[in-house]
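Enquirer: The following block contains the structure, expressed as structure tokens.
The values are calculated or read from the model by the stated rules, or taken from the named source; none is laboratory data. These numbers were taken from a predicted model, which means no experiment stands behind them. As a convention, Cβ positions derive from the backbone with ideal geometry for all residues, glycine included, and neighbour counts pool all protein chains shown. Note: areas computed on protein heavy atoms with side chains; ligands, DNA, RNA excluded. Shrake-Rupley method; radii C 1.70, N 1.55, O 1.52, S 1.80 Å.
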Amino acid sequence: MYFPNADVVVHPALLVFLGVIVGMLGGFFGVGGGFLITGGLLVFGVPPVYAVGTGLTLVMGTSIINTFKHRSLGNVDFKLGALMVTGTIPAIFLAEWVNSGLEAAGIAGPVIRYVYVGFLSVLGLFILYDYWRISPMRSQRRGGGSEQISTLALTHRVRSLRIPPHWIGIPGVGRVETYVSLPVSGIERISVFVPMGIGFGIGFIAGMLGAGGGFILMPVLIFVLGIPTTIAIGTDLFQIIITGSVGSFAYALSDRVDPMMAVLMLAAASIGSQLGASATRRIEPSRIRFLYGLLILTGAVAVALEEVSQAVPGAGFLSAVASTVLLGSGGGMCLLLLGLMARARERGQESQGH
């Protein structure tokens, strides 16, 4: 099938396959999947600038679809998301200023990829470490549940932070406390400056790396704020809508998006997102985090291979290997999720029979 904007011929079945993978993983893990989309499109022969622009459009679209699905499941804390957005927007502009400086120095590409690999590696290894320490079996022995995490002391300290000013004066309203309750996330009282600060940090990283930032926000919500895994997934998706929209519109205005390609993948992603979001109800939260850690580490390997392909003469073939690793791991993860869902359904039917 010929796509005129990108001036490339791609088999539509491949785009449908990629869309289903991105939608399912996005709904399950609460990430936009930008790195997976771009890598897949590059493998299919799409020019880089259109791969990025079309990928950002799909990230925004899938995040909207997945957010609505998780909202119906009660997994989105809009109040928390709105607080984080107030810190995200100015941070994105700051990140763009930093990137401009790096680009002027001629080191933007390597620095961004090194930072990306570093974040992905640290996050992936920590999530696997947490799962090893707090596995479902060990949690049951200690009397905890699958939502138990190894950073409880940190979450208590963060939630109890008292950051001045403790109130602000609003004309016509009077004194308003700078502390809020977030019942959806299970937080009785927290300073508004804590989620705003988290939003600022995520926004800066997202703006610097050119991603939605969801791959970092989801674990931060879980391990720093102590939010339940499914709530963190839904709220993360809501945040990605904001951080991903700016880049998507910018590329669209520059005519660097192929709308036919985006619509085809988005239709497929809407199907995958239903499966991914539904899987969060059948699979234990601790296992969700473990699988996410594996996916993050795979992403780190892929980005590292891409950096080697550009830094080492004669290693250009590693770029294709990196993209293939991303697609292969994404497809394999989807098959694993379907298997876990089927297994959980069988167990549910057996328990009902007894």
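Enquirer: Do any helices (runs of 4 or more DSSP H) lying entirely in segment 246-354 carry at least 2 residues that are at pLDDT below 80, and which ones are they? I'd like the intermediate steps shown before the answer.
Expert: Details: elements: 259-282, 285-311, 317-353.
The qualifying helices (runs of 4 or more DSSP H) are 285-311, 317-353.
Enquirer: Which number in (1) in a helix (DSSP H, G or I); (2) in contact with a helix residue (DSSP H, G or I) (Cβ under 9 Å, 6 or more places away or on another chain) marks the one condition that A13 misses?
Expert: (2)
Enquirer: For segment 278-309, give me each residue that is under 18 Å from V52 (Cα atoms) and not hydrophobic (A, V, I, L, M, F, W, C). Outline the logic, then answer.
Expert: Quick first cut of segment 278-309, residues under 18 Å from V52 (Cα atoms) only: 299, 302-303, 306-307.
Those that are under 18 Å from V52 (Cα atoms) and not hydrophobic (A, V, I, L, M, F, W, C): G299, E306, E307.
Enquirer: Moving on to the next point. Restricted to segment 103-113, and to residues that are in a helix (DSSP H, G or I) and under 21 Å from S309 (Cα atoms), which residue is most open to solvent (accessible area, probe 1.4 Å)?
Expert: Residues of segment 103-113 that are in a helix (DSSP H, G or I), as a first pass: 103-104, 108-113.
Still in the list and also under 21 Å from S309 (Cα atoms): 103, 108-113.
Details: E103: 133, A108: 18, G109: 29, P110: 50, V111: 42, I112: 39, R113: 54 Å².
Checking each candidate, the answer is E103.
Enquirer: In the list I163, I190, I202, which residue meets the criterion of being in contact with a helix residue (DSSP H, G or I) (Cβ under 6 Å, 6 or more places away or on another chain), among the aliphatic types (A, V, I, L, M) and within 24 Å of S245 (Cα to Cα)? I'd like the intermediate steps shown before the answer.
Expert: Numbers: I163 fails: within 24 Å of S245 (Cα to Cα); I190 fails: within 24 Å of S245 (Cα to Cα).
Just a single option satisfies the conditions, and that option is I202.
Enquirer: Please go through segment 119-134 and give me each residue that is part of a helix (DSSP H, G or I) and either open to solvent by less than 70 Å² (accessible area, probe 1.4 Å) or under 14 Å from V220 (Cβ atoms) (or both), ordered by number.
Expert: Going through segment 119-134, the residues part of a helix (DSSP H, G or I) turn out to be 119-133.
Within segment 119-134, F119, L120, S121, V122, L123, G124, F126, I127, L128, D130, Y131 meet the criteria.
Enquirer: Still on this structure, please answer the following. Has segment 81-99 got at least one residue that is over 30 Å from V10 (Cα atoms), at pLDDT below 75, in a helix (DSSP H, G or I) and not charged (D, E, K, R)?
Expert: Initial filter on segment 81-99 (over 30 Å from V10 (Cα atoms)): 81-99.
From the residues that got through so far, the ones that are at pLDDT below 75 too are 96, 99.
Those left that are additionally in a helix (DSSP H, G or I): 96, 99.
Within this subset, residues satisfying the condition of being not charged (D, E, K, R) are 99.
Looking for residues that are over 30 Å from V10 (Cα atoms), at pLDDT below 75, in a helix (DSSP H, G or I) and not charged (D, E, K, R), one finds at least one in segment 81-99, hence yes.
Enquirer: Six or more apart or on different chains, Cβ under 8 Å: which pairs go from a residue in segment 87-111 that's among the aliphatic types (A, V, I, L, M) to one that's part of a helix (DSSP H, G or I) and open to solvent by 70 Å² or more (accessible area, probe 1.4 Å)? Could you list them?
Expert: A91/F200; I92/V246
Enquirer: Quick test for you: out of V312, V301, V257, V325, pick the one residue that is surrounded by fewer than 17 Cβ atoms within 10 Å (Cβ to Cβ) and either within 18 Å of I37 (Cα to Cα) or β-branched (V, I, T) (or both). Before the answer, list the steps.
Expert: Numbers: V301 fails: surrounded by fewer than 17 Cβ atoms within 10 Å (Cβ to Cβ); V257 fails: surrounded by fewer than 17 Cβ atoms within 10 Å (Cβ to Cβ); V325 fails: surrounded by fewer than 17 Cβ atoms within 10 Å (Cβ to Cβ).
Of V312, V301, V257, V325, the one residue that is surrounded by fewer than 17 Cβ atoms within 10 Å (Cβ to Cβ) and either within 18 Å of I37 (Cα to Cα) or β-branched (V, I, T) (or both) is V312.
Enquirer: Restricting to segment 119-135, give me the number of residues that are under 11 Å from I296 (Cβ atoms) and touching a residue at least 40 places away in the same chain (Cβ under 8 Å).
Expert: Of segment 119-135, the ones under 11 Å from I296 (Cβ atoms) are 119-128.
Subset that is touching a residue at least 40 places away in the same chain (Cβ under 8 Å): 119-121, 123-128.
Counting residues in segment 119-135 that are under 11 Å from I296 (Cβ atoms) and touching a residue at least 40 places away in the same chain (Cβ under 8 Å) gives 9.
Enquirer: From the list V85, V49, which residue is open to solvent by 10 Å² or more (accessible area, probe 1.4 Å) and either polar (S, T, N, Q) or touching a Lys or Arg at 6+ places or on another chain (Cβ under 8 Å) (or both)? Outline the logic, then answer.
Expert: Values: V85 fails: either polar (S, T, N, Q) or touching a Lys or Arg at 6+ places or on another chain (Cβ under 8 Å) (or both).
One residue alone meets the criteria, V49.
Enquirer: A153: over 21 Å from the mean Cα position of the chain (by Cα) and modelled with pLDDT under 90, yes or no?
Expert: Values: over 21 Å from the mean Cα position of the chain (by Cα): yes; modelled with pLDDT under 90: no.
It is false that A153 is over 21 Å from the mean Cα position of the chain (by Cα) and modelled with pLDDT under 90.
Enquirer: While we're on this one: Quick one: is Y116 assigned to a helix (DSSP H, G or I), open to solvent by less than 40 Å² (accessible area, probe 1.4 Å), aromatic (F, W, Y) and in contact (Cβ under 8 Å) with a residue 60 or more places away in the chain?
Expert: Working: assigned to a helix (DSSP H, G or I): yes; open to solvent by less than 40 Å² (accessible area, probe 1.4 Å): yes; aromatic (F, W, Y): yes; in contact (Cβ under 8 Å) with a residue 60 or more places away in the chain: yes.
In short, yes.
Enquirer: Can you tell me which condition D77 does not meet? The list is (1) open to solvent by 50 Å² or more (accessible area, probe 1.4 Å); (2) of a type in the set (D, E, K, R); (3) touching a strand residue (DSSP E or B) at 6+ places or on another chain (Cβ under 8 Å), and all the others hold.
Expert: Unmet for D77, out of (1) open to solvent by 50 Å² or more (accessible area, probe 1.4 Å); (2) of a type in the set (D, E, K, R); (3) touching a strand residue (DSSP E or B) at 6+ places or on another chain (Cβ under 8 Å): (1).
Enquirer: Is it true that some residue in segment 276-291 is over 19 Å from M341 (Cβ atoms) and either surrounded by fewer than 20 Cβ atoms within 10 Å (Cβ to Cβ) or in contact with a Pro (Cβ under 8 Å, 6 or more places away or on another chain) (or both)? Don't jump to the end; show me each part of the working.
Expert: Here is the first cut: in segment 276-291, the ones over 19 Å from M341 (Cβ atoms) are none.
No.
Enquirer: Which residue pairs have Cβ atoms closer than 9 Å, lie 6 or more positions apart in sequence or on different chains, and pair a first residue in segment 68-85 that is under 18 Å from V224 (Cβ atoms) with a second residue that is in a loop (DSSP other than H, G, I, E, B) and open to solvent by 10 Å² or more (accessible area, probe 1.4 Å)?
Expert: Listed by first residue and then by second, the contacts come to L83/V192.
Enquirer: For segment 166-223, list the strands (runs of 3 or more DSSP E) that sit wholly inside it and hold at least 1 residues that are in contact (Cβ under 8 Å) with a residue 40 or more places away in the chain; which are they?
Expert: Working: elements: 167-170, 174-177, 179-182, 187-191.
Passing ranges, in order: 179-182, 187-191.
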